[in-house]
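For reference, the structure discussed in these notes is given below.
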Amino acid sequence: MVERMIIDCDPGHDDALAIILAAGNPNIDLMAITTVAGNQTIEKVTRNALSVCAIAGITDVPVAQGAGVPLVRPQIVAPDIHGESGLDGPVLPEPQIELDPRRAVDLIIDLVMENEPGTINLVPTGPLTNVALAMKVEPRIVERVKRVILMGGSYTRGNSTPSAEFNILADPEAAQAVFAGAWPVTMVGLDQTHQATADADIVARIAAIDSPLSEFVVEILTFFGTTYKDVQGFDAPPVHDLCCVAKLVNPAVFATRDAFVGVELTGRWTTGMTVTDFDNLLDQEHNTQVATTLDKQLLWDMTINAISVLSKGSAA
Ligand code: PIR
Ligand code: CA
């Protein structure tokens, strides 16, 4: 069965891989790429999205620029991990396609309202600003979206603060609105994505494809590996955002458990924490399917396959 999806992203090394899997997997119909400020400013991440489309041969997917600042808080970016461009490492190819004239919020609303209810999946891999805005502008999208599968949060730890993950911390009010929305939300958090590392054997398998795209991916993973080593002491970089698309390709990649997830908005040290209650301790209705296990082999097999498919110039 083919799943339609919109990726709302802030590329970003792992966002780039998520786009590549979505474009190169036959079970995914990639309907749009929308951008949101996060890893870098909106101009930079939008340009990066277009560069990824150029190298991956993605020519028929609309790309629309979205929110440049969070709903309420001052902006944060992540140059320590993603570099000044937001996608440092490879030479970034010149964009080959024009931006869609619509704003991200409008493109998301148009696609969700034009298509049959229950057929469009939203895959946010950056701060949730666009998604929260779209819910407010056109509340009917909430009942029409099939599923929201987001990279963000965690039930054990943070990366930007001890308790907060970057995408949630960057716009916690937006994240709270998305979790509280009456649509099925799947949270793929750091608990799982930190296990989804691009180890040396994986990088070697990608290099062996021996195409301009595989070279680009190797350069992405090499830069990401260096910053993850320097900043967080990882032996190999975790490809967070790739995991959400993988979950849509094959749900077996992650098992999930139902929980209530609330975003801390007023904590002294814990703002942006995704408080995850598996055990009904807070007496709140479960609103989220939380990823709790990872099949790493499955994740990388489908990803390497997608890179091969796109390398043969058969981009959807
Ligand atoms: C990764 C990200 C931001 C900051 C750090 N330190 C690491 C980006 C990734 O693109 C991913 O979507 C999410 N935010 C992980 O926190
Ligand atoms: Ca991201």
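The values are calculated or read from the model by the stated rules, or taken from the named source; none is laboratory data. Since the model is a prediction, treat every value here as computed from it, not as a measurement. In this analysis, Cβ positions are derived from the backbone assuming ideal geometry, glycine residues included, and neighbour counts consider all displayed protein chains. SASA here: full protein model, heavy atoms, side chains in, ligands and nucleic acids out. Shrake-Rupley method; radii C 1.70, N 1.55, O 1.52, S 1.80 Å.
Before moving on, here are some points about what is shown:
- Checked against the criterion of being within 16 Å of ligand 2 (Cβ to nearest atom), farther than 18 Å from Val148 by Cα, open to solvent by 10 Å² or more (accessible area, probe 1.4 Å) and touching a residue at least 24 places away in the same chain (Cβ under 8 Å), the candidates Gln96, Gln75 yield just one match: Gln75.
- Single match in Gly181, Gly153 (criterion: within 16 Å of ligand 1 (Cβ to nearest atom) and either closer than 25 Å to Val249 by Cα or open to solvent by less than 40 Å² (accessible area, probe 1.4 Å) (or both)): Gly153
- Considering residues of region 227-264 that are in a loop (DSSP other than H, G, I, E, B), under 25 Å from Ile81 (Cα atoms) and in contact (Cβ under 8 Å) with a residue 24 or more places away in the chain only, the residue nearest to ligand 2 (Cβ to nearest atom): Asp241
- From the options Asp88, Asp80, residue that is outside any loop (DSSP other than H, G, I, E, B), open to solvent by 30 Å² or more (accessible area, probe 1.4 Å), of a type outside the set (Lys, Arg) and within 16 Å of ligand 2 (Cβ to nearest atom): Asp80
- Residue in region 203-211 that is within 14 Å of ligand 1 (Cβ to nearest atom) and over 19 Å from Asn25 (Cα atoms) present: no
- Phe224 in contact (Cβ under 8 Å) with a residue 12 or more places away in the chain, within 16 Å of ligand 1 (Cβ to nearest atom), under 27 Å from Ala78 (Cα atoms) and in contact with a helix residue (DSSP H, G or I) (Cβ under 6 Å, 6 or more places away or on another chain): yes
- Subset of region 272-316 (residues that are aliphatic (A, V, I, L, M) and in a strand (DSSP E or B)): Met273, Val275, Val290, Ala291, Leu294
- In region 200-214, the residues that are crowded, with 16+ Cβ neighbours inside 10 Å form Cβ pairs under 9 Å with partners that are at pLDDT below 95, at six or more places apart or across chains, as follows: Ser211/Lys312.
- Residue in region 186-201 that is touching a helix residue (DSSP H, G or I) at 6+ places or on another chain (Cβ under 6 Å), within 25 Å of Leu248 (Cβ to Cβ) and away from ligand 2 (no atom under 16 Å from the Cβ) present: no
- Taken as a whole, the condition of being part of a loop (DSSP other than H, G, I, E, B), open to solvent by 30 Å² or more (accessible area, probe 1.4 Å) and away from ligand 1 (no atom under 13 Å from the Cβ) does not apply to Thr161.
- Residue check for Ala37: within 14 Å of the chain's Cα centre (by Cα), within 15 Å of ligand 1 (Cβ to nearest atom) and not in a loop (DSSP other than H, G, I, E, B): no
- Per-region count, region 144-169, residues among the polar types (S, T, N, Q), away from ligand 2 (no atom under 13 Å from the Cβ) and in contact with a helix residue (DSSP H, G or I) (Cβ under 7 Å, 6 or more places away or on another chain): 3
- Residues of region 1-27 that are hydrophobic (A, V, I, L, M, F, W, C), open to solvent by 10 Å² or more (accessible area, probe 1.4 Å) and either within 14 Å of ligand 2 (Cβ to nearest atom) or in contact with a strand residue (DSSP E or B) (Cβ under 8 Å, 6 or more places away or on another chain) (or both): Val2, Ala23.
- Region 265-290, residues that are touching a residue at least 40 places away in the same chain (Cβ under 8 Å) and among the hydrophobic types (A, V, I, L, M, F, W, C): Leu265, Trp269, Met273, Phe278, Val290
- Only one of the numbered conditions (1) outside any helix (DSSP H, G or I); (2) closer than 20 Å to Met302 by Cβ is violated by Ile202, and that is (1).
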